[in-house]
1. For the condition out of contact with any Gly (no Cβ under 8 Å at 6 or more places or on another chain), surrounded by 15 or more Cβ atoms within 10 Å (Cβ to Cβ) and not polar (S, T, N, Q), what is the one hit in B:11, B:6, B:55?
2. Would you check which residues across the stretch B:72-103 are over 22 Å from the mean Cα position of the chain (by Cα) and either more than 8 Å from every other protein chain (Cβ to nearest Cβ) or open to solvent by less than 10 Å² (accessible area, probe 1.4 Å) (or both) and list them?
3. Step by step: first the residues of the stretch B:104-117, then only those that are outside any helix (DSSP H, G or I) and within 7 Å of another protein chain (Cβ to nearest Cβ), then the one that is nearest to residue B:148 (Cα to Cα). Which residue is that?
4. Quick check: anything in the stretch A:67-80 open to solvent by 30 Å² or more (accessible area, probe 1.4 Å), of a type in the set (Gly, Ala, Ser) and away from chain B (no Cβ under 14 Å)?
5. Please tell me if residue B:67 is within 14 Å of ligand 1 (Cβ to nearest atom), over 28 Å from residue B:137 (Cα atoms) and either touching a residue at least 40 places away in the same chain (Cβ under 8 Å) or more than 13 Å from chain A (Cβ to nearest Cβ) (or both).
6. Within the stretch B:1-30, count every residue that is within 16 Å of ligand 2 (Cβ to nearest atom), under 16 Å from residue B:63 (Cβ atoms) and within 14 Å of chain A (Cβ to nearest Cβ).
7. Look at the stretch A:188-222 and say how many of its residues are open to solvent by less than 50 Å² (accessible area, probe 1.4 Å) and either in a loop (DSSP other than H, G, I, E, B) or hydroxyl-bearing (Ser, Thr, Tyr) (or both).
8. What pairs can you find where one residue is in the stretch A:249-263 and more than 9 Å from every other protein chain (Cβ to nearest Cβ), the other is among the aromatic types (Phe, Trp, Tyr), and their Cβ atoms are less than 8 Å apart, with a gap of 6+ or different chains?
Amino acid sequence: MKWRNIRAVLLQDLYLTKGSMEVIFDVFVFTSINILLFGFISRYLSQGGNKGFEAQSLLVAVIFWEVIRITQYSTSVSSMWNVWSHNLSNMFIAPIRVGEYFCAHVMTAVIKSLFIFVNALIIARYVFHVSVLRLGAFPVLFSYINMVIFSVAIGVVLIGLVFQYGTQIQVLTWATIYAIEPLCAVFFPVGVLPAVIQPVAYLFPVTYFFEWLRALQAGASYEVHKIILATALNLVYLLAGCYIFSRQLAAAKRSGQIVRNDL
Amino acid sequence: MSETVLEVTGLTKRFGKFVAVNNIDFSIARGEIVGLLGPNGAGKSSTIQMLLGLLTPSDGQIRFFNKDFNKHRLEVLQRINYLSAFNTLQEMISVRENLHVFAVAYNVKKSKHKIDELLDFFGVLHLKNERYQHISAGQRTRVNLAKAFLNDPELVLMDEPTASLDPDIVDKVLSMIEQFRRERQLSILYTSHNLHEVERICDRVIFMSHGKIVKEAVPKDLPSLHNLFLQIARETSEE
Ligand SMILES: Nc1ncnc2c1ncn2[C@@H]1O[C@H](COP(=O)(O)OP(=O)(O)O)[C@@H](O)[C@H]1O
Ligand SMILES: [Mg+2]
């Protein structure tokens, strides 16, 4: 990996973020609106004698959910901007490794997610008087890191699908995550899901982190071994994601789909 | 004998049962402009895409500068470049920003100066700060030319660079390529389905039809080959 090559792609991402209203809205504006929306919902729910932590947990949940959404979106859609501009071939015939190209997109995704995460923490703290950090710096940071890892794993496979099968399925690169959302127990405990679906929820590493964060807010304990298991599962997801992507890319170069997308 | 910059042997691309490029051999010498001429569907683009590593060949060997492309991919890519009417630059950012990205990727020294110099040469320096999205097709082609020459390539692969341009602009673009080439030892592989274009700028022409090389010629022999070319084109369009 060469820093110069990564820098070239980072630079493109920076120019793109700076120059396009779409990116600014998708990433920054909609996220802030979502945080505000859930802040008001939780404020409403905590009125009239409801237990405060359950209402507040919605706000905490949406903050971490936005981290997942934005990281995955940015990992996948950064390449879509090149596809839409018919510029992907130019990028891939420059002396840059595919690994460097994606490393840059992941870095951009992390920077964006960090930005919206901090922004969300500030909104929660000063608009809704909910301090997320009181749950503990370690759980918050460790959960954040795991949300990012999960989103990158999903993100590379989704863009790989477009490389392999074409832009007619491009909607998957920004919509799939909404199908995963109910299964990851973001806003409610896994126990709320129908019994047959509950084992599926535990296939997603981030489920454990949302459960952990809720347990912390309720003042309950959460088993350490589950956190370790979830982290290990997450790393397996990341490795599997990268492997699947490399197979998808090879298939796309054999079938010619990757150039067809770009014409 | 002059140095070979590209040597292709037995290059083949199959899409399922369909053979798009069928066991072709050719080479390009340093400083030579070779035309790859053929009707739509002849396999020209597939050939170029394999040469760029965008499409995996089913069979055959590609050697640039006497080096196996598979084994020296990045080193080769640093020394070649690509231009096509079908590939444009990033629409949402400016001309200068686009070229800056590639200048970093190609490790161009004194990139600011180089970018200005190339934009000036192709007559589009005044568009430097325009969004790529907002410039015309002809202007895009010139900006793309600047991109294609940014790394001082020894060989440029051009896939129908003038497609979708008005005839008078095509003429201008060809003149620019000719002039640019006169000033340095540059090799070009130039695909087209337009006989006159190829006749004008190429030192040698390879005819392709149905994935195969059917004829090689030099421009002075081309008039006698007009009929052959028309016949190939007619056969193809009748299918
Ligand atoms: N990815 C692909 N999958 C299947 N067939 C393809 C693909 N790409 C090109 N072809 C077919 O291969 C033939 C050669 O295409 P191409 O190389 O684009 O020709 P040219 O550039 O000479 O017009 C055409 O018949 C085309 O339809
Ligand atoms: Mg073509």
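1. Working: B:11 fails: out of contact with any Gly (no Cβ under 8 Å at 6 or more places or on another chain); B:55 fails: out of contact with any Gly (no Cβ under 8 Å at 6 or more places or on another chain).
Just a single option satisfies the conditions, and that option is B:6.
2. Going through the stretch B:72-103, the residues over 22 Å from the mean Cα position of the chain (by Cα) turn out to be B:92-94, B:96-97.
Listed by number, the residues that qualify are B:93, B:96.
3. So the residue we want is B:106.
4. Among the residues of the stretch A:67-80, not one is open to solvent by 30 Å² or more (accessible area, probe 1.4 Å), of a type in the set (Gly, Ala, Ser) and away from chain B (no Cβ under 14 Å), which makes the answer no.
5. Taking the combined requirement at face value, the residue does not satisfy it.
6. The number of residues fulfilling the criteria is 0.
7. Residues flagged as open to solvent by less than 50 Å² (accessible area, probe 1.4 Å) and either in a loop (DSSP other than H, G, I, E, B) or hydroxyl-bearing (Ser, Thr, Tyr) (or both) within the stretch A:188-222 amount to 5.
8. Once the first residue is more than 9 Å from every other protein chain (Cβ to nearest Cβ) and sits in the stretch A:249-263, its partners that are among the aromatic types (Phe, Trp, Tyr) give A:249/A:163; A:252/A:163; A:257/A:163; A:257/A:165; A:261/A:163.
The values are calculated or read from the model by the stated rules, or taken from the named source; none is laboratory data. None of the values given here were measured: they were computed from a predicted structure. Using ideal geometry, Cβ is built from the backbone for each residue, glycine included, and neighbour counts are taken over all protein chains shown. With ligands, DNA and RNA removed, areas are computed over all heavy atoms of the protein, side chains included. Shrake-Rupley method; radii C 1.70, N 1.55, O 1.52, S 1.80 Å.
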